[in-house]
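Just below is one structure, and these are the notes that go with it.
Laboratory data are not the source of any read-out in this text; all were calculated from the coordinates shown. Just so it is clear, the model here is predicted, and its values are computed rather than measured. So basically every Cβ, Gly included, is an ideal-geometry build from the backbone, and we count neighbours across all protein chains shown.
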Amino acid sequence: MAVSKIPGQRELILRLPSLLAMGFAVWLVYRIGRRLFGVEAGAQAAMVFAAVAAYYAAEARPYAFGLLCACGAILFLIRWMDNRLWVDAVAYSAFAAMTVYFHFLFSTVFAAHLIYVLIRRAPPLQVISVAVLTAALFVPAVESLLRVMGAAAGYTFISKPRLASIAHFLNPFTPL
């Protein structure tokens, strides 16, 4: 393994990319907040985001990169809706596609993106073009997604809770 040949603190070296990605994500949150609500709101949003997402920055896992790409997609989505420039639309597509490559569950943010696009009444031809471009960028990930979804049953370690167990958890005085 290449990491074992690096001298010094291997743990820090393994975590450094996530720390840098989260630092850039915080900067993007600042830019989003500044663009929407002003400098002070951007700074406050960045501080709250940094505090909440600090856990993911310390992990040597892809979550910080996923958050970085999700924040980049949001920033370019806002810019695209404000300016209607194709360069912003293409940047949005690239960041949106990269988001899913880091973790499939990050794709849930696209529902909010769709609502924002509908509220902003973007030109349909431009929206369809960007959707097609983004979908084309997703194509290489489809095989991986299908493999993960096909093996989903093997990822559980405990059985699904029964309704009575949930009721007992919510109210300990109910019988099991």
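Summary of values
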read-out	value
Dipole of the range 16-107 [Lys/Arg +1, Asp/Glu -1 at C-beta], most positive-end residue of Val29, Tyr63, Phe104	Val29
The chain: DSSP helices with Cα axial extent of at least 24 Å and average Kyte-Doolittle hydropathy no lower than 1.0	39-58, 63-83, 86-102, 124-150
Gyration tensor verdict on the range 8-140 (Cα atoms; rounded if a/c is under 1.5, prolate if a/b is larger than b/c, oblate otherwise)	oblate
Theoretical gain in end-to-end length, Val142 to Ile166 [0.36 nm per residue, Cα-Cα removed]	5.1 nm
222 nm mean residue ellipticity, helices alone, for the chain (DSSP H n ≥ 4; -39,500 (n - 2.57); rounded to 500)	-26000 deg cm²/dmol
Neighbour-count ranking [beta-carbon atoms within 10 angstrom, fewest first] of Trp86, Trp27, Trp80	Trp86, Trp27, Trp80
For Asp88, Asp82, order by how many other beta-carbon atoms lie within 10 Å, fewest first	Asp82, Asp88
